[in-house]
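Single-structure report; data block below.
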Amino acid sequence: MRTGSPRTALEAVTWHRLPISGWPWRSAGYLLTTLLMTFPALAGPAVAWLVAARLTAGGHRVALVALLIPLGVALVGALGPLVAMPLANLERRRLRMVDTRPIGSGHRHPRSGGPVSWLRARYTDAATWREVGYACLLATAAPVL
């Protein structure tokens, strides 16, 4: 058993004071707020699913679905980074509930000022696309789990 103060929820599992500490409550809060975080991540796909369900109620299902899949991929590619970045920032703040170690965003800084330079830096940054992947997992896998 550990005797020092744990910095993460995983370290707290082996801590002798776990039952009387705040770690179980913090972990439960993190799990419950994960469910709440799925709603903003689900907002975009839910609207797309509702539109697709409404449009496919007619007779042209196969052609419409074949059109909507590339359109959805294009929308995720175009708008995904802009939606995922604030979501990931909120997730990093929420992670402090169960992990007290400092965590950075991992984004590169644009070389020059202006919105075009900022967008170019974001859309070519690997950290941004990791955040998009996390948002996609949060929107699809987290509600099921």
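Each value in this text was obtained by applying a stated rule to the coordinates, not by laboratory testing. Bear in mind the structure is a predicted one, so any value in this text is a computation, not a measurement. So basically every Cβ, Gly included, is an ideal-geometry build from the backbone, and we count neighbours across all protein chains shown.
Mind checking which helices in the chain clear 30 Å along their axis (Cα) and have mean Kyte-Doolittle hydropathy of 1.0 or more, DSSP H runs only?
61-95
About the Cα centre of the chain, what is the dipole size in debye to 20, counting +1 per Lys and Arg Cβ and -1 per Asp and Glu Cβ, all else neutral?
The calculation lands at about 340 debye.
Here are some values of Cα Rg over 2.2 N^0.38 Å: [x] 1.37; [y] 1.42; [z] 1.14. Which one was computed from this structure?
Step by step, Cα Rg over 2.2 N^0.38 Å for this structure corresponds to label [x].
If Lys and Arg each add +1 and Asp and Glu each add -1, what is the summed charge of the other residues whose beta carbon sits under 14 Å from the beta carbon of Ala84?
Numbers: positive: Arg92, Arg122, Arg130; negative: Glu91, Asp125, Glu131.
Combined, the nearby Lys, Arg, Asp and Glu give 0.
Using r as the Cβ-Cβ distance of Ala142 and Val65, and R0 as 22 Å, what FRET efficiency do you calculate, to the nearest 0.05?
Computed FRET efficiency for Ala142 and Val65 comes out at 0.30.
Compute the length gained on full extension between Thr33 and Leu50: take 0.36 nm times their separation in residues and subtract their Cα-Cα distance, giving the result in nm to one decimal. Each step should come with its number before you reach the end.
Details: separation 17, 0.36 × 17 = 6.12 nm, distance 2.51 nm.
Once the chain is fully extended between Thr33 and Leu50, it gains 3.6 nm.
Net charge around Pro110, counting only other residues with Cβ within less than 12 Å of its Cβ (Lys, Arg = +1; Asp, Glu = -1)?
Net local charge, Pro110 excluded: +3.
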